[in-house]
């Protein structure tokens, strides 16, 4: 009973932190997210833990923040089944459809950067940065979305690339590249509509 009470209290604290962060970023107009555009209200997913493999006991949102390459590999090879398969499909859609926040009313895009690794003979993800919309003329790898799949699109098993990706993502969305996320905060992030382009989520091809 004590552990359950502590767990509820901890979850409430995390939710309060996200609400406070939303309030601060809105008032400062630093991390502006477009308003809801698709009218989806019941968006909360009750994420469950997987029961196999090296991430046994972890939920899918936590796994994608820790090792996105593993998540996409498992998803592509149908490792997930039943309710977990439905959760994986939804996470896949959301993880590839994250809004790029505006800055002081200016619409922004992201530009992805890669370094060639002579050992693997592949381009590996190195960094992601914000650029203002309209400055993308002639620039490579520019997107209106933050897409978790981008590092894997160039190189499978790009573990260092995904570490760089998550650091950049947290810097852009939370203003802190070192922001620490536990299971509950990872799940809460993927249940917040305001972080996602809901049209792209619905139309994303599996």
Run the simple label-point estimate for residue 51 and residue 154 please: 7 Å along Cα→C-beta, distance reported in nm. 4.0
When you count, for each residue, the other Cβ atoms within 10 Å and take the mean per peptide, how do 50-57, 103-110 rank with the highest first? 103-110, 50-57
Per residue Cα convex hull volume for segment 114-191, in cubic angstrom? 111
With a 10 Å Cβ neighbour count serving as the proxy for reagent exposure, in which order, fewest first, do 62, 76, 187, 89 appear? 76, 89, 187, 62
Would you mind getting me the FRET efficiency between residue 163 and residue 122? Use the beta-carbon distance for r and R0 = 22 Å, nearest 0.05. 0.85
So between residue 139 and residue 43, what do we pick up on full extension, going 0.36 nm a residue minus the alpha carbon distance? 31.0 nm
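Values quoted throughout were computed directly from the atomic coordinates according to the rules given, and no laboratory measurement underlies them. Since the model is a prediction, treat every value here as computed from it, not as a measurement. When we count neighbours, we look across all protein chains shown, and the Cβ atoms used for this are built from the backbone with ideal geometry, even at glycine.
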